[in-house]
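The values are calculated or read from the model by the stated rules, or taken from the named source; none is laboratory data. Just so it is clear, the structure is predicted and the values come from calculations on it, not from any experiment. So basically every Cβ, Gly included, is an ideal-geometry build from the backbone, and we count neighbours across all protein chains shown.
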Amino acid sequence: MRDMDVQGQSLPRLSGMFIRTDLVASPEDAQKQRRQPWGKTQYQSISASLAQANMSVLIPQISVSYIDAQRQIFYYPTRRFQATDQSSVTERSQLSYALQSAKDNNIDVYLPLQLSESSWFQALYDHFESPESQAFLKQSASFSIQIADEMIQLYGPSYAAQIKGFYLPFEVDNANLYEGEALERWIKYYLQPVTAHLRELLPKGRIVTSPLLYTNLVQPTRNDVAQWNSMWRSVFDQTELDTLMPQDGAGWESSSADQLGTWYRSMSDMIAVSNSDRKLQGRATNVELWNNPESYSMSGSKSMDMTRLMKNMEVVDPYVKRQISFSAHSLMPMSETFLAGQTNNEAYYRAYVESQQLGYIPKKIVTKPAVNYTIVNHNNIVFDITRTGEETGYAIYRTIDGKRIKIKDVYAEEGKVTTSFTDNQVIPGASIQYEIMAFDAFGNRSTPYTCALTLPPTIADGVSDYKINTPSINMRALSTGLPVETLTFADQSEGFSYEGDRVVATRLTQHRAYVPWTEKRDDYTIQQQIYTDAQGFAHLRLDLGKPQSIQAIGMSFLQDRNASIRIPASIQYEVDGHIYATAKQPSLAQIDFTQPVIGDNTYQAGENWYWGFPSAKTQGQIIDIKIKLEYNSYLFMRELIVL
């Protein structure tokens with residue numbers, strides 16, 4: 001790989017990075033992944049790398065994983081909560097390792113409070129309305145105050161020079177704005193008591209929060225921006241919170257540089273107004289806007305290349321005081337021997353350091369990849385991509401009917417010769433063109449490998465046996481469109497009945513019990529950049545092989561609003577070209593097939609079902625499933641059932 005001439009330019013720089021303590025310390029995760037938890041050496045390595053890259057801030061994201069009142073995992077050696085602390089020796093050493101490594105490398109640290117994600121988001125989506133949600137806020141405030149006291153008592157004497165403030169891990173986002181009583185409850189029951197106490201502990205320390213920006217890749221309306229800024233102005237007016245550091249959402253693919261400028265410019269203006277308000281109140285005018293540029297990438301490359309990262313940072317840099325990125329896991333060198341380590345991080349770190357030293361992103365030649373493809377089971381297109389240079393990944397594009405979309409980026413692990421990718425969202429009879437480009441950590445791309453092919457007009461042979469097991473996606477039964485993890489035919493002779501939104505199914509030939517995606521991600525088929533037809537539908541077709549009696553059709557999807565994973569807006573089921581039923585959102589929540597089913601989608605992470613029930617008994621052979629998307633980022637699909 002050699003440099004090419006390029007005009008110089010200045011680049012924004014990172015002030016520091018986050019480490020998510022719960023991702024690097026769990027003995028259970030280490031055993032499951034056959035890796036090692038982080039110890040002193042790993043933290044020393046991270047802090048040294050930060051210092052060498054002229055970064056000066058480290059934020060361990062969580063001090064306590066709060067499960068419930070009887071169970072917590074502490075990342076420091078608590079004395080006050082020993083009776084409920086379930087941490088291992090490694091886990092309760094994490095903050096100590098972080099602070100010592102920071103001291104040894106002249107790095108500043110912001111002490112984190114607790115995170116209780118499940119309970120927090122359940123209360124959040126309840127708008128803190130129920131007595132239980134309000135009790136959660138009050139209990140959380142009391143717990144935050146106690147652990148802040150304990151951390152300052154424990155670490156203040158030895159690390160006073162490193163501790164520059166506190167970080168509040170509870171996450172809010174612009175898709176769930178607080179207004180009226182909900183906002184006031186959040187401020188009154190949590191933010192006011194907690195931030196007032198933190199100010200007493202560290203009168204000159206900063207109190208930082210990092211909400212998520214979720215733009216769905218569209219420009220915000222004036223009302224969007226006004227609501228967001230009004231919320232934070234109220235927070236600054238009534239609490240001691242003084243640092244707003246939004247997650248830019250780019251790593252999660254929920255925003256891009258095209259939208260960020262509008263949001264940050266307006267937030268900068270709001271911060272100026274908030275400081276004027278504070279001056280009139282006789283308070284310190286020290287409210288600041290920082291940025292949390294996400295350096296990971298959910299598009300498949302794991303780490304964000306420097307061209308894209310710098311573009312996201314440049315557009316907000318005029319408005320912010322600091323840029324502190326989530327996270328070290330996607331940029332700092334770390335062996336895959338350890339939890340959250342990624343082999344390619346070394347290349348991304350070198351690219352960041354070199355770009356900063358040069359003041360621009362260097363242009364380098366990336367070698368065109370060598371590619372072979374095969375069509376498996378008539379409708380799965382498998383690409384085998386052979387490394388030809390120092391690339392860190394491959395960008396894959398597909399064009400159908402003139403519509404070109406990026407399917408995803410594929411991670412090319414250093415030291416691995418061949419990388420495979422399967423495209424299983426295909427259309428019968430379609431003429432398809434593919435482009436595959438290698439890219440490096442800077443974001444330079446090779447010339448594309450290209451190929452064109454036409455799929456057969458009829459793909460599936462159909463299924464005549466209702467008890468057939470189809471464990472692989474898009475095998476014999478699915479003839480087109482989107483993949484699902486499991487296809488199930490129920491025994492239609494007994495055990496199934498429905499009336500309205502009540503469903504009872506006591507006997508299935510096969511059914512996958514619900515498992516949280518955070519515990520078993522492989523149980524879900526994750527589709528990105530979904531192809532939609534001229535009517536805006538993502539399309540799935542099922543050929544039963546011969547006309548059959550169809551009592552109901554159900555399809556399940558994951559929703560986890562915490563992770564911005566959304567279920568479809570609606571599903572239209574058709575049988576032999578005629579509308580069979582339409583399932584709208586919200587549909588039915590997670591189903592226990594031995595009990596009557598009734599209810600709406602849950603706000604917690606869970607499996608959500610879209611059931612179609614016909615107005616009259618129906619027979620047919622070809623089932624078309626047309627999915628109307630609410631957000632075209634990610635769709636976590638799990639199971640399709642025909643009864």
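For the range 98-123, filtering for residues that are closer than 24 Å to Leu198 by Cβ, touching a residue at least 40 places away in the same chain (Cβ under 8 Å) and in contact with an Asp or Glu (Cβ under 9 Å, 6 or more places away or on another chain) leaves 7.
Matching residues to (1) of a type in the set (S, T, N, Q); (2) part of a helix (DSSP H, G or I):
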| position | (1), (2) |
| --- | --- |
| Ser93 | yes, yes |
| Ser96 | yes, yes |
| Ala102 | no, yes |
| Trp120 | no, yes |
| Glu129 | no, no |
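Every condition in (1) of a type outside the set (D, E, K, R); (2) in contact with a Phe, Trp or Tyr (Cβ under 6 Å, 6 or more places away or on another chain); (3) surrounded by fewer than 20 Cβ atoms within 10 Å (Cβ to Cβ); (4) over 30 Å from Met151 (Cβ atoms) is met by Ala182 except one, and the failing one is (4). Only residues that are part of a strand (DSSP E or B) and modelled with pLDDT of 95 or more were counted across the range 1-35, and they come to 4.
When you check Lys204 against the structure, is it assigned by TED's automatic domain parsing to the domain that holds Ser133, in a loop (DSSP other than H, G, I, E, B) and basic (Lys, Arg), yes or no? Yes. Output the residues belonging to the range 36-80 that are surrounded by fewer than 17 Cβ atoms within 10 Å (Cβ to Cβ) and in a loop (DSSP other than H, G, I, E, B). Once the filter is applied, which keeps residues that are surrounded by fewer than 17 Cβ atoms within 10 Å (Cβ to Cβ) and in a loop (DSSP other than H, G, I, E, B), the range 36-80 yields Gly39, Asn54, Ala69, Gln70, Pro77, Arg79, Arg80. When only residues in the range 94-138 that are at pLDDT 95 or above and among the small types (Gly, Ala, Ser) count, which is nearest to Leu339 (Cα to Cα)? It comes out as Ala98. Looking across the range 104-118, the residues that are of a type in the set (Ser, Thr, Tyr) and either surrounded by fewer than 22 Cβ atoms within 10 Å (Cβ to Cβ) or in a loop (DSSP other than H, G, I, E, B) (or both) come down to Ser116, Ser118. Screening the candidates Met310, Met334 for the property of being crowded, with 22+ Cβ neighbours inside 10 Å, more than 21 Å from the chain's Cα centre (by Cα) and of a type outside the set (Gly, Ala, Ser) yields one hit, Met334. Condition (residue is modelled with pLDDT of 95 or more, over 24 Å from Lys279 (Cβ atoms) and among the aliphatic types (A, V, I, L, M)) applied to the range 169-192: is it met by at least one residue? Checking the range 169-192: not a single residue is modelled with pLDDT of 95 or more, over 24 Å from Lys279 (Cβ atoms) and among the aliphatic types (A, V, I, L, M).
If the condition is being small (Gly, Ala, Ser), touching a helix residue (DSSP H, G or I) at 6+ places or on another chain (Cβ under 9 Å) and at pLDDT 95 or above, then the range 52-84 contributes Ala53, Ser56, Ser63, Ser65. Being hydroxyl-bearing (Ser, Thr, Tyr), free of Cβ contacts under 8 Å to residues at least 40 places away in the same chain and more than 18 Å from Leu115 (Cβ to Cβ) is a description that does not apply to Thr84.
Please determine whether any residue of the range 98-109 is under 26 Å from Trp290 (Cβ atoms) and among the basic types (Lys, Arg). Scanning the range 98-109, I find at least one residue that is under 26 Å from Trp290 (Cβ atoms) and among the basic types (Lys, Arg), so the answer is yes.
Okay, residues lined up against (1) surrounded by fewer than 19 Cβ atoms within 10 Å (Cβ to Cβ); (2) more than 23 Å from Gly249 (Cα to Cα):
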| site | (1), (2) |
| --- | --- |
| Phe121 | no, no |
| Asp126 | yes, yes |
| Ser133 | no, yes |
| Phe136 | no, yes |
| Ser140 | no, yes |
| Gln146 | yes, yes |
| Gln162 | no, yes |
| Asn176 | yes, no |
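Scanning the range 212-248 for residues that are assigned to a loop (DSSP other than H, G, I, E, B) and either at pLDDT below 95 or not assigned by TED's automatic domain parsing to the domain that holds Asp277 (or both) gives Leu213, Tyr214, Thr215, Asn216, Leu217, Val218, Gln219, Pro220, Thr221, Asp248.
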